[in-house]
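Worksheet: the structure to be examined is printed underneath.
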Amino acid sequence: MSRFVYVNDRFLRRHEAFIDIEDRGFQFGDSVYEVIFVTKGCLVDEQGHIDRLAYSMGELGMDLPKSPVTISLLIRELIRLNDLTDGLIYMQVSRGAASRDHLIPKGLSQTFIMNTRQVDLTAKSSINEGVDVITVRDIRWGRRDIKSTQLLANCLAKSEAVRAGADEAWMVDENNFVTEGSSSNAWIITDDQVLVTRPPTHDILNGITRRTIIDIALQNNVMFEERAFSLDETKIAAEAFFTSATSLATPVLSINGIAIGDGVVGPITKVLQDQYLVYAQQTSL
Ligand code: PDD
């Protein structure tokens with residue numbers, strides 16, 4: 001737990017921080033968030049995350065709570081106060097507090113909070129050794145490109161995966177095509193060595209890690225196709241993995257109990273994982 005948190009213009013000790021019980025983020029999920037990966041003191045893809053926060057807010061008719069430069073300075077101050085070297089920055093902006101009403105009131109003052117978590121993700125066995133995945137029906141709303149805090153379906157999916165002895169759930173649409181993970185983007189590498197991930201439409205979150213992995217794949221001459229892939233295709237995939245700020249590039253060993261390839265971390269996945277960390281640890285504060 002971080003010692004200091006940021007709440008509406010103030011850095012406070014964690015136990016001193018409160019938000020209103022009628023905050024619309026709490027009552028309606030009327031809020032958006034971002035999670036940024038920090039490794040060896042490097043803040044990874046900060047600009048991409050701030051840009052996506054602006055995008056999510058814009059799609060919901062909200063403005064960024066501060067200028068991108070100010071947000072960046074606030075993040076750095078929180079990192080300094082918490083001596084954060086490895087871990088995560090969490091930020092959330094809600095539309096604000098008001099008497100409960102489905103009608104979105106005008107002129108609210110936003111609730112903007114940030115906290116940090118110290119954890120060395122690069123040392124996690126799930127990321128290094130891979131995990132099992134199950135699939136569940138995607139029951140979410142139609143604007144998954146907006147990083148909103150309406151995450152109940154995602155939480156149910158993840159919990160179902162863990163109950164089944166797996167680590168992540170991949171969600172499938174009505175045509176049995178994989179959309180994405182409960183908190184990650186889904187990827188396969190086909191038998192003929194083509195890296196495949198779903199295009200960033202309203203159906204999925206356009207992951208910041210996803211975009212970086214595409215760049216890294218292209219730089220490393222990995223063949224790449226941006227298209228939806230079906231559950232059947234995962235059964236004959238050579239490799240699979242998922243990406244996010246919290247899972248980096250996590251290898252998938254099996255899906256619904258069926259081994260992917262040889263059931264070990266695949267060679268292309270390993271190259272992408274390694275190159276992602278090289279990239280991440282070159283970014284600066
Ligand atoms: N989630 N898809 C979903 C549904 C996600 O929740 C996330 C990330 C991603 C990957 O996005 P990115 O690469 O920008 O982290 C894709 C964060 C980590 C979370 O909810 O904690």
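Any idea how many residues of region 206-221 are over 18 Å from V278 (Cβ atoms) and either more than 9 Å from the ligand (Cβ to nearest atom) or of a type in the set (S, T, Y) (or both)? If you could, list the steps in order and put the result at the bottom.
Step one: filter region 206-221 for residues over 18 Å from V278 (Cβ atoms), giving 206-207.
This time we only want the ones that are either more than 9 Å from the ligand (Cβ to nearest atom) or of a type in the set (S, T, Y) (or both), so: none.
Summing the residues that are over 18 Å from V278 (Cβ atoms) and either more than 9 Å from the ligand (Cβ to nearest atom) or of a type in the set (S, T, Y) (or both) in region 206-221 gives 0.
Out of everything in region 147-179 that is surrounded by fewer than 20 Cβ atoms within 10 Å (Cβ to Cβ) and among the aliphatic types (A, V, I, L, M), what residue ends up being nearest to the ligand (Cβ to nearest atom)?
Filtering region 147-179 for residues that are surrounded by fewer than 20 Cβ atoms within 10 Å (Cβ to Cβ) and among the aliphatic types (A, V, I, L, M), the one nearest to the ligand (Cβ to nearest atom) comes out as L151.
Just checking, which of V264, V278 is more than 16 Å from the ligand (Cβ to nearest atom), farther than 22 Å from N154 by Cβ and part of a loop (DSSP other than H, G, I, E, B)?
Details: V278 fails: part of a loop (DSSP other than H, G, I, E, B).
Checking each option against the conditions leaves just V264.
Assess whether G58 counts as being within 15 Å of the ligand (Cβ to nearest atom), at negative phi, part of a helix (DSSP H, G or I) and not basic (K, R). Outline the logic, then answer.
Values: within 15 Å of the ligand (Cβ to nearest atom): no; at negative phi: yes; part of a helix (DSSP H, G or I): yes; not basic (K, R): yes.
In short, no.
If you take the residues in region 246-275 that are hydroxyl-bearing (S, T, Y) and in contact with a Lys or Arg (Cβ under 9 Å, 6 or more places away or on another chain), which one is nearest to Q193 (Cα to Cα)? It would help to see each step written out before you state the result.
As a first pass, look at region 246-275 and keep what is hydroxyl-bearing (S, T, Y): 246-247, 250, 254, 269.
Among the residues that remain, those that are also in contact with a Lys or Arg (Cβ under 9 Å, 6 or more places away or on another chain) are: 247, 250.
Details: S247: 23, T250: 18 Å.
Only one residue tops the list, namely T250.
Filter region 95-129 for residues that are among the β-branched types (V, I, T) and touching a residue at least 40 places away in the same chain (Cβ under 8 Å); which is surrounded by the most Cβ atoms within 10 Å (Cβ to Cβ)? Can you show your working first?
Step one: of region 95-129, the residues among the β-branched types (V, I, T) are 104, 111, 113, 116, 119, 122, 127.
This time we only want the ones that are touching a residue at least 40 places away in the same chain (Cβ under 8 Å), so: 104, 111, 113, 116, 122, 127.
Numbers: I104: 14, T111: 21, I113: 21, T116: 25, T122: 16, I127: 19.
The extreme case among them is T116.
Can you name the condition, by its number, that S159 falls short on among (1) modelled with pLDDT under 95; (2) assigned to a helix (DSSP H, G or I)?
Every listed condition holds for S159 apart from (1).
Which condition from (1) closer than 23 Å to G41 by Cβ; (2) assigned to a helix (DSSP H, G or I) is the one that A249 breaks?
It fails just one condition, (2).
What are the residues in region 1-30 that are assigned to a helix (DSSP H, G or I) and hydrophobic (A, V, I, L, M, F, W, C), if any? Break it down into steps so the answer makes sense when it comes.
Here is the first cut: in region 1-30, the ones assigned to a helix (DSSP H, G or I) are 14-16, 24-28.
Matches in region 1-30: F26, F28.
Please verify whether region 222-235 includes one or more residues that are free of Cβ contacts under 8 Å to residues at least 24 places away in the same chain, surrounded by fewer than 22 Cβ atoms within 10 Å (Cβ to Cβ) and within 14 Å of the ligand (Cβ to nearest atom).
no
Filtering region 187-205 down to residues that are under 20 Å from T149 (Cα atoms) and within 11 Å of the ligand (Cβ to nearest atom), which residue is surrounded by the fewest Cβ atoms within 10 Å (Cβ to Cβ)? Give the derivation first.
Just the residues of region 187-205 that are under 20 Å from T149 (Cα atoms), to begin with: 200-205.
Cutting the leftovers down to within 11 Å of the ligand (Cβ to nearest atom) gives us 200, 203-205.
Values: P200: 16, D203: 19, I204: 23, L205: 21.
Taking the candidates together, the pick is P200.
The values are calculated or read from the model by the stated rules, or taken from the named source; none is laboratory data. Computed from a prediction, not measured in an experiment: that's the story for all the values here. Cβ sites come from the backbone with ideal geometry, for glycine too, and all protein chains shown count toward neighbours.
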